[in-house]
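S.K.: The following block contains the structure, expressed as C-alpha cells.
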Amino acid sequence: MGPIARLGEYTLYYLYDLGRMGKFLFFAVRGLFARPFRLVEVLRQVRLIGANSFVVIFFTAAFTGMVLGVQGYYTLRKFGSEGALGSAVALTLIRELGPVLTALMVTGRAGSAMCAEIGIMRNSEQLDALVCMGVDPFRYLISPKVLATLLSVPVLTQIFTLVGIYGGYLSGVILLGVNPGAYFSGMEQSVLNQDINLGIIKSFVFALIIVWVCAAKGFYVHEIRNAGFGAEGVSRVTTQAVVLSSIAVLIWDYLLTALLL
C-alpha cells in the first residue's frame, strides 16, 4: 500500500495546490476593483516591471531580429526569394518570438524578483502583520503587481517586435544587400490585423501567467512541499516559479496558436 498511499498523497496535494492557485487568482483580480485604488503603487510597479526591463528587451530584440535576418536571407536565397525577407522576419516576430521571448525575459528579470520579494515578506511575517492590521494583502500588495504586469508586458512586446524588425533590416538590408523597398513592401502586404491581434492576445495571456505563478509561489512559500525554510526556501520557490512560468508560457503559446491562427 506504500506506493498507492504516496500516489494518493501527491494527488491530494496537487489538487489542493490547484485550488489554492485558483483562489489566489480570484482574490488578486477582485482586488483590482476594490477602493481606494493604489495608482501610485501601480505606477511604481510599472517602472519596476516594465521600464526597468527595457534594456534587456531592447538588446534581446535587436540581436534576435539580426539573427532572423541572416538566417532568413540564406534560407530564402536558395529559392531566389530574398525580397520576402521582410515578411518572414515580421511575421515571425509578431506571431511568435515577440510575445514569447518578451515573456521569458520578463519572467527571468521581474518575475523572479517578484516571487522573491513576496516570499521574503511571507517568511518575515510582514504579510501576517498586514492581516493583523486589517489590510487586505491582495489589494495592497498583489493587485497592483497584476495590473502593472498586464500593462507592461504588451507594451514591451510591441517594443520587442519593432526593434526586432529593424534588427532584421540592419542585417538583411544594410549588411547583406536586400532591397529596402522589397523588405518593407513585403512586410506591408503579408502582415494582417489577425497577426497583430494574435500577438497582442498572447502578450496579455503571458502577462497574466507570469504574475499569477510568480506572485502565488512567493505568497504560499510556507505551504509548498519540500521548499525548506528561510532564504533556502525562497530561493527554491523562486526557481520553481521561473521554471513553471516559462513552461506555461510555451504551452499556452502552442494552444493559442492552434486555436486562433
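Taken together, the values in this text are just the output of simple stated rules run on the coordinates, not laboratory data. Everything numeric in this text was worked out from a predicted model, so none of it was measured. In this analysis, Cβ positions are derived from the backbone assuming ideal geometry, glycine residues included, and neighbour counts consider all displayed protein chains.
S.K.: For every other residue with a beta carbon closer than 14 angstrom to the beta carbon of residue 45, add +1 if it is Lys or Arg and -1 if Asp or Glu, then tell me the sum. Intermediate results must be reported in sequence, preceding the final value.
M.R.: Details: positive: 38, 44, 47, 109, 139, 145; negative: 41, 117.
The answer is +4.
S.K.: Output the peptides 188-199, 150-161, 41-52 sorted from most to least packed, where packing is the average of other Cβ atoms within 10 Å over each peptide's residues. Don't jump to the answer; show the numbers that get you there.
M.R.: Details: 188-199: 13.8, 150-161: 22.8, 41-52: 17.3.
Final packing ranking: 150-161, 41-52, 188-199.
S.K.: How much length is gained on full extension from residue 189 to residue 6, taking 0.36 nm per residue of separation minus their Cα-Cα distance? Numbers along the way, then the final one.
M.R.: Details: separation 183, 0.36 × 183 = 65.88 nm, distance 5.78 nm.
Contour length minus the Cα-Cα distance gives 60.1 nm.
S.K.: Find how many whole Å separate the alpha carbon centroid of segment 1-53 from the alpha carbon centroid of segment 242-261.
M.R.: 18
S.K.: Here's something else I'd like to know. Rank by packing, highest mean first: peptides 59-68, 244-253, 6-15, 201-210, with packing defined as the count of other Cβ atoms within 10 Å averaged across residues.
M.R.: The densest-packed peptide leads the list: 201-210, 59-68, 244-253, 6-15.
S.K.: Hydropathy first: keep DSSP H helices in the chain averaging at least -0.5 on Kyte-Doolittle, then drop any whose Cα extent along the axis falls short of 24 Å, and list what survives. Could the numbers behind the result be given before it?
M.R.: On the way: long enough: 2-31 (43 Å, 0.26); 54-76 (32 Å, 1.57); 143-169 (40 Å, 1.16); 193-219 (39 Å, 1.29); 230-260 (44 Å, 1.21).
Answer set is 2-31, 54-76, 143-169, 193-219, 230-260.
S.K.: Using a Förster distance of 30 angstrom, determine the FRET efficiency expected from the C-beta separation of residue 155 and residue 23, and round it to 0.05. Kindly include the intermediate steps, with their values, before the conclusion.
M.R.: Working: r = 29 Å, r/R0 = 0.98.
Once rounded, the FRET efficiency stands at 0.55.
S.K.: To the nearest 0.05, what FRET efficiency results for residue 162 and residue 52 with a Förster distance of 22 Å applied to their C-beta separation? All intermediate terms of the calculation are to be shown ahead of the outcome.
M.R.: Values: r = 19 Å, r/R0 = 0.87.
It comes out at approximately 0.70.
S.K.: Next question. State the label only: which of (1) 23.8, 76; (2) 21.5, 71; (3) 22.0, 75 corresponds to Rg and Dmax of the Cα atoms in Å computed from the shown model?
M.R.: From the options (1) 23.8, 76; (2) 21.5, 71; (3) 22.0, 75, the structure gives (2).
S.K.: For every other residue with a beta carbon closer than 11 angstrom to the beta carbon of residue 219, add +1 if it is Lys or Arg and -1 if Asp or Glu, then tell me the sum. Kindly include the intermediate steps, with their values, before the conclusion.
M.R.: Working: positive: 20, 23, 122, 145, 217; negative: 117, 223.
Taking every Cβ under 11 Å from that of residue 219, the sum is +3.
S.K.: Additional query: Which order, highest average first, do 90-100, 173-183 follow once you tally other Cβ atoms within 10 Å for each residue and take the mean per peptide?
M.R.: Numbers: 90-100: 23.3, 173-183: 16.0.
My ranking of the peptides, most packed first, is 90-100, 173-183.
S.K.: Just to be sure I understand the model, the point goes 7 Å from the Cα along the line to the Cβ. What's the resulting residue 77 to residue 136 distance in nm?
M.R.: Placing both labels 7 Å beyond Cα along the Cβ direction yields 6.0 nm.
S.K.: I want the local charge near residue 102. Using Cβ-Cβ distances under 15 Å, sum +1 for each Lys or Arg and -1 for each Asp or Glu among the other residues. Can you show the working numbers first?
M.R.: On the way: positive: 95, 109, 202; negative: 96, 253.
Cβ neighbours under 15 Å give a net charge of +1.
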